[in-house]
Amino acid sequence: MDKDLGSRLKSRGQSRPATIGTTFRDRNVHNSGSSSKLASKIPSGTSSSSSSRRTQPSSGLGKSSKTADIPNPNADPEEVKRIYDHFHLLGMPREITLDVFDRLFNSGPGKQGEKLKDTLRLLSERLVGRQEAARARSVIARAREEHAALKASRPPSKLKAPSVVTVPRHNASDADLGALLEDPMKVALARRETAYHGLASAKKEYEGVRHEMQTLDAKKRQLEKKSENKRRILLLMSVLEKRETARLRRLGAQGMGKLIRDLRQQADIAMKNFLEAVSNSGPFEVQEISRRAALQRRKAEVFRYKYSTEALANLHAHHIRCSRSDKGSASPNAEDVGKRLGDVLSRLWPSDDPRGMEKMKAKLIEVARQTAEKRTIYRENAAKRANEIQQRIEDKERRVQENINRAVALGWLCEEYIDVISTFRSETAQALSVMLEGERKRVHGYVDVLLARILSQSQSTPATMPGFEEKVGEIMGSSKVSVWKDVRALAERVAESEDMVRKIKPVEAREEDKWEFEKVLNVSAERNRKLLERKAKKADYGFDVAKDIRALLDGCRKLKSSKFTASE
């Protein structure tokens, strides 16, 4: 049996280059027998012959047949895409795009470019990642254990020992393989390395989970702080609400609105009384009230009309000056003005015509007079506007009188309100202060007691129920801390399958296909029926066996009880 195993491994090792990268690039390598793949996974340090066989494919990659078959300097886009995807799976940065990698792969048309391409191809074939390497080591270790168990379970062959010793060194692959599988030190080293890799991955996952737990703990503390603040605010709001309820209860059913309505009614009554008193009083009393109100108003508005008074005084002085100048127009100054005007005209317009000079002088005087009239601010009131002005004055006097009457009424009302406020301060305020002091003493420490009770309840609360993520992980059968990636992958697969089902166009079935389908369906139904019948028979047999076992157990109990009573 060992000889057949060695021959199969030898043929397997000669037919395929022994590289871990090319062996484990295909994921179906684990489904076949472990003994038929061991030749491609043996380390290069076991024998010189095996190392010489492994160096041949790697040396041939320097001048690979793929580059020789391509007529153009650029490589196949599919090959570039495959190498790019492989490097991405191994952890290449996402910033390197496919275009950048294509330019790097086809960067040189000469020998250096070919060497770079061969190097990248070699790396893509030999680099498989930590998970694939760990899986390969586990397969090798498991094969070693199986071989050791198989060798220990059968007696040693005396006929094989001479043949193993007499095999030449260059054909000793079977002996080297047997020595490798039987060496416990190498098996232990392989196990230790596999365990180290598993420990490193577990540590990495633990660090990620710990960082996530720290983040969640910080969020939890923030939420606890917010909830504590909200509890305090709610407690204060409830206290304020109770105080407001007590205040409204003290004011009455209608509260402040009733007091305001009462005050308005009292103001209306006071105004009516004042108007009646004014109407019943004589004209002299009304005039006296009006005179006093006018004096107060003038004192208040004296500063407001200061500039208007000064302007009127200036206009009056100007008017007096103009009237005096008109009266003294026959004075010698007027002759001097006329003479000077004639001298100016003779200089500006030399002419021998005295009539034209007089006409020009008269025109200039008329223009000056019109300009002076336009510049005069004072305008004489027309006679037709006198009645309107008088009517406006009377209206203003009437409004002023009404305002005076209202002010007097408001003064009386304010006196009444002052009496009410003084009565409240002297009698009601003391009773209310005593009530408030008693209420303050009653609720003293109320907030602290509630806070202590809330904190004690929060500390004595049972453990939290499992959250949504834990329930989803339990349903999906996942033991990860965060299952959102699995949920997202499952949702994506469901969406893709539904999209594919929608895109597939139904094909009209032919009669032959229907007949074949019915035939297959009948065969499967018959097979399922027979299978269920066998299962039912097995279940009945199991029930019978269970009944017999229960009867035997009852008999054993009875025997034990009888022995126990006999010994007593």
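Bear in mind that the values in this text are calculations on the coordinates, not laboratory data. The shown structure was predicted, so the numbers you read here are calculated from the model rather than taken from an experiment. Please note: Cβ atoms are built from the backbone with ideal geometry, for glycine as well, and neighbour counts cover all protein chains shown.
In this label model, residue 364 and residue 523 are separated by 14.0 nm, measuring between points 7 Å along each Cα→Cβ vector. Placing a pseudo-label 7 Å from each Cα along the Cα-to-Cβ vector at residue 260 and residue 209 gives an inter-label distance of 6.6 nm. Peptides 343-355, 122-134 ranked from most to least packed, by the mean per-residue count of other Cβ atoms within 10 Å: 122-134, 343-355.
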